[in-house]
Amino acid sequence: AEVATDPMGIELTDIFLTLKPRAEWARADTQAGLVIEMEKTISQFPGVNMVFTQPIEMRMNEMVSGIRSDIGIKVFGDDFDELLRIADDVQRVLLDI
């Protein structure tokens, strides 16, 4: 993602899956069920965070907000140490939700 118009950092990536027809799914009957099954497997890998979405929806959200998720919190300021402190505070609060 080293294109100037792409808000995604170079340390991040997208993974797109092409699914078999729903009738051939072995572990789930619905899209929500499939997401749950994939999350179970992916959650075993430390540091891997996944967001399940549709490609066009994801790109529109990224372009509009500059944030690569459905919900984002931006903290602004000039003091980097203070920004880090505030970001840590925000993270602690959000982890309890």
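Every number here is computed from the coordinates shown, using simple stated rules; none is lab data. All values reported here derive from a predicted model rather than from experimental measurement. Heads up, the Cβs are rebuilt from the backbone with ideal geometry, glycines too, and the neighbour counts pull from every protein chain shown.
Summary table below
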item	result
Cleavage-rule hits, chymotrypsin sites (Phe, Trp or Tyr not before Pro), the stretch 29-97, DSSP coil, Cβ neighbours within 10 Å at most 14	F52, F76
Ascending count of other beta-carbon atoms within 10 Å, so fewest first, for M58, M38	M38, M58
HN-Hα J in Hz across the stretch 14-25 - Karplus 6.51, -1.76, 1.60, θ = phi - 60°, x for Gly and Pro	10, 10, 10, 10, 9, 8, 5, x, 3, 5, 9, 5
Label-to-label distance, nm, for residues given as V93 and Q44 (7 Å Cα→Cβ offset)	3.7 nm
FRET E, pair E82, V51, Förster distance 35 Å, beta-carbon r, rounded to 0.05	0.75
Ellipticity estimate at 222 nm from DSSP helix runs (n ≥ 4, -39,500 (n - 2.57)) divided over the chain, nearest 500	-12500 deg cm²/dmol
